[in-house]
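The values are calculated or read from the model by the stated rules, or taken from the named source; none is laboratory data. In this text, all values refer to a predicted model and were calculated from it rather than measured experimentally. Neighbour counts run over all protein chains shown; Cβ positions are idealised from the backbone, glycine included.
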Amino acid sequence: MKESIRQLLPYVYVLAAFFVTIVITIIILDKIVFPMLIHSEETLKMPNLIGMKLADAEKTITSLDLKIARVNELYNEQYPPGTIINQSPRPGQTIKKGRDVFITVSQGREEVEVPNLVGQNIRNTRILLRNVGLDVGAITYVNDERYGVDTIVAQSPQGGVKVNYGRTVDLVVSRGSVALVKVPFLEGLNLENAIKILNESELQVGNIIYVENQTYLSNTVLNQGIKAGELVKKGTSIDLTVVK
């Protein structure tokens, strides 16, 4: 039995040496050879392209033996059109030469067409503007006989014009037709009282003509330019003839 074991020992030693050799070879390949092969390929730090013009970015990428794989375009308020706003690989990342680079280019602010708002009421106008990404700006109210109350009379910018997304549109809105008032009777009144009545009626004093008169007291209204009872627009001026 001992003799048999003694005869097998040389084979055991050979097998053990074989396995040890394999283990050592694997360790050498893993720790030395493979890393050397991997690091033999040139690497570099990915440059920061964000904020660069597309043409300049292309020159930079080409000079580093990199390739632009795809260019996307997106609207962006921060960067002007033609400027890089995103990239992959990210800036500072270690990459191999020849790698593909994906970039996104700004189209600038998105432009939208201003809708025609004249004739719309103010409520619909707000909805129409909101639907296209715009907003109501300054509102000016005027009397306008052509349009009803709260109807858009004019706008700026005009309908059909292209503007940046998010811009405001100024509006002129109708209060409706100008209100009419009845001219009060002023003849025989003291000038001070006549002026007070005109103001209360939302009318204005026009030209005052002074004349000599022996019948009436000084500052008495003898005549008025527009007859009492006539309907006139608010703010109309009424000329008066008054005793000196």
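Got at least one residue in the stretch 193-200 being basic (Lys, Arg) and loosely packed, with under 13 Cβ neighbours inside 10 Å? Yes; the residues of the stretch 193-200 include at least one that is basic (Lys, Arg) and loosely packed, with under 13 Cβ neighbours inside 10 Å.
Could you tell me whether the stretch 188-199 includes any residue that is in contact with a Gly (Cβ under 6 Å, 6 or more places away or on another chain) and outside the structural domain of Ile139 (by TED's automatic domain parsing)? No, the stretch 188-199 has no match at all.
If you check Ile139, Ile122, Ile152 for being surrounded by 16 or more Cβ atoms within 10 Å (Cβ to Cβ) and in contact with a Leu (Cβ under 7 Å, 6 or more places away or on another chain), only one passes: Ile152.
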